[in-house]
Amino acid sequence: MKKTLSLLLIFLACLSAQAAPLKLADLRWKRRVLVVYAPPGTDEKLLQQQKLFRAEKEGFDDPDVTLLVLRQPTDNAEIAKRFQLSGKEFVVLLIGKDGGEKFRVKKVAHPGLLFQLIDSMPMRGDEMRSR
C-alpha cells in the first residue's frame, strides 16, 4: 500500500526581515510542521535531506504538512525556543497538528520513515478514511 504524506514544500532557508515567521498557533489542528534545522556547517546534510524529499515528491501530495527549514534560531524564534533548536547540530523535527513534538532525529531522515510515522497517527487515520 502506497504511503502518502501531505506536504506543502515551503523551504524557508533564508527569511528576510520583512517576512513574518510561521506561527504554530495559526497551524494548530490544521497542519503538521516538519522542521529541518540546518545551522551553518551542516550544509551537506541539508542538501541530502532536500534530495531525499525531492526523490519522494509523489508522497508529498496533500497539503497537511508544512516544511520549514531554519538555518539559525532567529529564523523562527518561537519554534527554536519552544523546541530547543540551537547550537550546531542538524535536526529533523516533526510537530503534530496539536502543536506537540512527535519525532526528532539529529541526522538526515528518510521520508519513508516520516510517512510511516504520520500514517500511524490516529488523526491521520481519520483523515485517510474521510477522503
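Values as computed for the structure displayed
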quantity: Residue that is surrounded by the most Cβ atoms within 10 Å (Cβ to Cβ), among those in segment 89-112 that are more than 13 Å from the chain's Cα centre (by Cα) and modelled with pLDDT under 95; calculated: G112
quantity: Scan of segment 18-49 for residues that are among the polar types (S, T, N, Q) and touching a Lys or Arg at 6+ places or on another chain (Cβ under 9 Å), ordered by number; calculated: T42
quantity: Scope segment 29-39; condition surrounded by 15 or more Cβ atoms within 10 Å (Cβ to Cβ) and either modelled with pLDDT under 95 or among the basic types (K, R) (or both); matching residues; calculated: R31, R32, V33, L34
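The values are calculated or read from the model by the stated rules, or taken from the named source; none is laboratory data. Remember, it's a predicted structure, so these values are computed and weren't measured experimentally. Glycine gets a Cβ as well: all are built from the backbone with ideal geometry, and neighbour counts include every protein chain shown.
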